[in-house]
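Structure first, then comments.
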Amino acid sequence: MTTTQLKTGVITALVVAGVAAPIWQKTKLNRRAAENSRLLTQTAELPALRQEIERLRPLKVDQAELERLRGLQGEVLQLRAQVGGARRGDRAASSSLTSS
């Protein structure tokens, strides 16, 4: 390789680096700007989310209360079935009285 070819290669590499570096920097800058915008949006939402958490904190579900309510749900279903049976019995009794 001659000195001229070496100089040409070095100059070409410098030109490519001189063109590629600003493009790479601009791409990185755009990514950082988008990330910054996203983080600013999240930061703006933070106080509202904290208020919502504080509002909902007293509503934390107690496991024992949840099990008690599930047990009551079964009892409610049994009572509904009994009421339905009683209503059918009343209807049958009143229809037999009216048809007599």
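Rule-based calculations on the coordinates, nothing more; no lab input. Because the structure is a prediction, the values reported are computed rather than measured. Methodologically, a virtual Cβ is constructed for each residue, glycine included, from the backbone with ideal geometry; neighbour enumeration extends over all protein chains shown.
Okay, which of the stretch 16-42 sit inside 19 Å, backbone N to the point 7 Å along the Cα-Cβ direction of Glu52?
Hits in the stretch 16-42 for Glu52 at 19 Å: 38-42.
Applying 1/(1 + (r/R0)^6) with R0 = 30 Å to the Cβ-Cβ distance of Ala92 and Leu72, what FRET efficiency is obtained, to the nearest 0.05?
0.50
If you filter the stretch 1-64 for trypsin sites (Lys or Arg not before Pro), then keep DSSP loop positions with at most 11 other Cβ within 10 Å, what is left? Before the final figure, lay out the partial values.
On the way: sites: Lys7, Lys26, Lys28, Arg31, Arg32, Arg38, Arg50, Arg55, Lys60; in loops: Lys60.
Sparse-neighbourhood loop trypsin sites (Lys or Arg not before Pro): Lys60.
Taking Rg/Rh (Cα atoms, Kirkwood Rh) as the quantity of interest, determine which of (i) 0.94; (ii) 1.72; (iii) 1.09 was computed from the displayed structure.
Recomputing Rg/Rh (Cα atoms, Kirkwood Rh) here picks out (ii).
Go ahead and set up a Gaussian network model of the chain, Cα springs under 10 Å, then flag whichever of Leu69, Leu46, Leu14 fluctuates most.
Of Leu69, Leu46, Leu14, the Gaussian network model singles out Leu14 as fluctuating most.
Say each of Arg80 and Gln42 gets a label point 7 Å from the Cα, pointing the same way as Cα to Cβ; how far apart are those two points in nm?
4.4
Considering only Ala44, Ala21, Ala86, give the residue with the highest GNM mean-square fluctuation for the chain, with springs between Cα atoms whenever their separation is below 10 Å.
Sorting by GNM fluctuation, first place goes to Ala86.
For Lys60, go through the aspartates and glutamates and keep the ones whose alpha-carbon is under 17 Å away, minus same-chain ones fewer than eight residues off.
Once the sequence-local aspartates and glutamates are set aside, what remains near Lys60 is Glu52.
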